[in-house]
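Trainee: The structure under discussion is supplied below as structure tokens; questions concerning it will follow.
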Amino acid sequence: MDEERTGTVGAGVTLGLFAAWALHDAEETAMMPRWIRTRVPELRESAPRVPEAVWTRLEATDGRRFAVAVGVMAAAVGAAAVAGHRTGGRSATYQAALGAFGAHGFVHLAQAAATRSLTPGALTSPLVVIPFTAWARGRLREQGILRPTRPRDAAAGALGAVAALAVSHGVARLLVRRP
């Protein structure tokens, strides 16, 4: 499909959000259990001001529970990508999800810098998350359909991402009980 000056974008831009997210979260899912086992004890020692409840909750997230949380999040990201596809990229939900996806790539890089280690998600953030987001936003901008990012929109997107994260992990806790 020729997208030049049509005022819409194709599936690569919209449904590509889900594909990029899936690749990124596959990395996180593969890395998380081992990272928790090996890094949390060290981090607990080096960050004594972090409440013990944070470490306890993190340690309770085993591979199965994390995979379920990723599956729940897949529904949210998939719905946003489909909304974007149906509207040719105009969906506010899609554009907010795209922005949150890109921003969360920078969070992964900050986590890796703070811990001075390769953290789950840090490998695909500079290779997939951030470049895909920049490319997709560029396509939206070229077509004149990228909504301006106002501070309140960025805050709403961040809150939506945090809520989706909390819900996905809450559902995973309910569905996967540790023995």
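The values are calculated or read from the model by the stated rules, or taken from the named source; none is laboratory data. Here the structure is a predicted model, which means the values were calculated and not measured. In this analysis, Cβ positions are derived from the backbone assuming ideal geometry, glycine residues included, and neighbour counts consider all displayed protein chains. SASA here: full protein model, heavy atoms, side chains in, ligands and nucleic acids out. Shrake-Rupley method; radii C 1.70, N 1.55, O 1.52, S 1.80 Å.
Trainee: Consider the range 139-179. How many of its residues are free of Cβ contacts under 8 Å to residues at least 12 places away in the same chain, of a type in the set (Lys, Arg) and either open to solvent by less than 50 Å² (accessible area, probe 1.4 Å) or in a loop (DSSP other than H, G, I, E, B) (or both)?
Mentor: The qualifying residues number 2.
Trainee: Condition first: open to solvent by 60 Å² or more (accessible area, probe 1.4 Å), closer than 15 Å to Thr119 by Cβ and small (Gly, Ala, Ser). Now tell me which residues in the range 38-69 satisfy that.
Mentor: Of everything in the range 38-69, just one residue is open to solvent by 60 Å² or more (accessible area, probe 1.4 Å), closer than 15 Å to Thr119 by Cβ and small (Gly, Ala, Ser), namely Ser46.
Trainee: Here's something else I'd like to know. Within the range 118-131, restricting attention to residues that are open to solvent by less than 30 Å² (accessible area, probe 1.4 Å) and in a loop (DSSP other than H, G, I, E, B), which residue is farthest from Ala19 (Cα to Cα)?
Mentor: Thr119
Trainee: Looking for whichever is over 20 Å from Ile130 (Cβ atoms) and among the small types (Gly, Ala, Ser) here; the options are Ala69, Ala80, Ala97. Which one fits?
Mentor: Working: Ala80 fails: over 20 Å from Ile130 (Cβ atoms); Ala97 fails: over 20 Å from Ile130 (Cβ atoms).
Residue meeting the stated conditions: Ala69.
Residues are listed down the side, and each one gets a yes or a no for (1) modelled with pLDDT of 90 or more; (2) of a type in the set (D, E, K, R); (3) over 15 Å from the mean Cα position of the chain (by Cα):
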{"site": "Asp2", "(1), (2), (3)": "no, yes, yes"}
{"site": "Val9", "(1), (2), (3)": "yes, no, yes"}
{"site": "Val13", "(1), (2), (3)": "yes, no, yes"}
{"site": "Leu17", "(1), (2), (3)": "yes, no, no"}
{"site": "Ala20", "(1), (2), (3)": "yes, no, no"}
{"site": "Met32", "(1), (2), (3)": "yes, no, no"}
{"site": "Val50", "(1), (2), (3)": "yes, no, yes"}
{"site": "Arg57", "(1), (2), (3)": "no, yes, yes"}
{"site": "Thr61", "(1), (2), (3)": "no, no, yes"}
